[in-house]
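The values are calculated or read from the model by the stated rules, or taken from the named source; none is laboratory data. From a predicted model like this one, the values you see are computed outputs, not experimental measurements. Note that we place each Cβ from the backbone using ideal geometry, even for glycine, and neighbour counts take in every protein chain shown.
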Amino acid sequence: MSRRSRSARRMVDKWSAKELYQIYSPPGFLEGEERIIGESLTDDPNKLIGRVIEISLSDINNDYSKMHVKIRFQITEVIGNNAKTRFKGHSFARDYLRFLVRRRRTRIDSISTVKTKDGIPFRITATGFTQHRSKTSQKDAIRRKMLKVVAEQANELTQDEFIRDATGGKLGSVVYHECKNIYPLKSVEIQKSKILKPINP
């Protein structure tokens, strides 16, 4: 047998030893429903543990207005041929964020570390966009209010509720309505989140 034939046979043997695993979203992300978010081939399921999967929110909930929201899940365990995950964080697509900045007069960012009602810490980046150019004092007042509202909302919600509100737009809407009277705003977006302690240690 030639060297090339032996190499090809080893390649075939390697692939034949691999099994297909389906990757599921955590049950709390869609209020109890686990949904397939990907598939992976491996010869050892332990190799999947710790792997991070990024997927658009629109691919999970079929809401195409959320294509710009990128969700990251981390595989925590494999049961049979099913890989379970936990929420790791989310962020906006760069093109979408650039579009928002281009269309608005002033951008106001706030970054905070908050804890949910059940004690899970998150780092949250909220971004507001004003309708007109604002003064520094107005920006500072809006930023302080944004930080306060995000912390209050986190304290009132469980980790799963907070994740859904942060990624789905509800949290940004709450912050917007609390801040718009300080100075006219176009919108407030929760453009990034990161869980600082695993939901399922």
Response to the item:
The residue from Glu178, Glu156, Glu152, Glu189 that alone is within 23 Å of Pro26 (Cα to Cα) and either among the acidic types (Asp, Glu) or surrounded by 18 or more Cβ atoms within 10 Å (Cβ to Cβ) (or both) is Glu156
Worksheet item: Taking Phe87 and the conditions (1) of a type outside the set (Lys, Arg); (2) within 12 Å of the chain's Cα centre (by Cα); (3) surrounded by fewer than 15 Cβ atoms within 10 Å (Cβ to Cβ), which numbered condition does it fall short on, given that it satisfies the others?
Response: (3)
Discussion item. Let me spell it out: the conditions are (1) of a type in the set (Val, Ile, Thr); (2) within 19 Å of the chain's Cα centre (by Cα); (3) buried (at least 17 other Cβ atoms within 10 Å of the Cβ); (4) outside the structural domain of Ser173 (by TED's automatic domain parsing), and Val78 meets all of them except one. Which number is the exception?
Written reply: (2)
Practice prompt. Tally the residues that are within 27 Å of Gln138 (Cβ to Cβ), free of Cβ contacts under 8 Å to residues at least 40 places away in the same chain and touching a His at 6+ places or on another chain (Cβ under 9 Å), restricting the search to region 88-98.
Written response: 1
Discussion item. Within region 17-69, considering only strands (runs of 3 or more DSSP E) that don't extend past its boundaries, which have at least 2 residues that are in contact with a helix residue (DSSP H, G or I) (Cβ under 9 Å, 6 or more places away or on another chain)?
Written reply: 19-24, 36-42
Worksheet item: Of these, Arg94, Arg51, which one is modelled with pLDDT of 95 or more and out of contact with any Cys (no Cβ under 8 Å at 6 or more places or on another chain)?
Response: Arg51
Practice prompt. Tally the residues that are of a type in the set (D, E, K, R), within 16 Å of Ala166 (Cβ to Cβ) and touching a residue at least 60 places away in the same chain (Cβ under 8 Å), restricting the search to region 40-87.
Written response: 2
Worksheet item: Just checking, which of Ser187, Ser173, Ser134 is closer than 18 Å to Lys66 by Cβ and at pLDDT below 95?
Response: Ser187
Discussion item. Step by step: first the residues of region 99-140, then only those that are under 21 Å from the mean Cα position of the chain (by Cα) and without any contact (Cβ under 8 Å) to a residue 24 or more places away in the chain, then the one that is surrounded by the fewest Cβ atoms within 10 Å (Cβ to Cβ). Which residue is that?
Written reply: Gly119
Worksheet item: Looking at (1) in contact (Cβ under 8 Å) with a residue 40 or more places away in the chain; (2) farther than 19 Å from Pro26 by Cβ, which is the only condition Arg143 fails?
Response: (1)
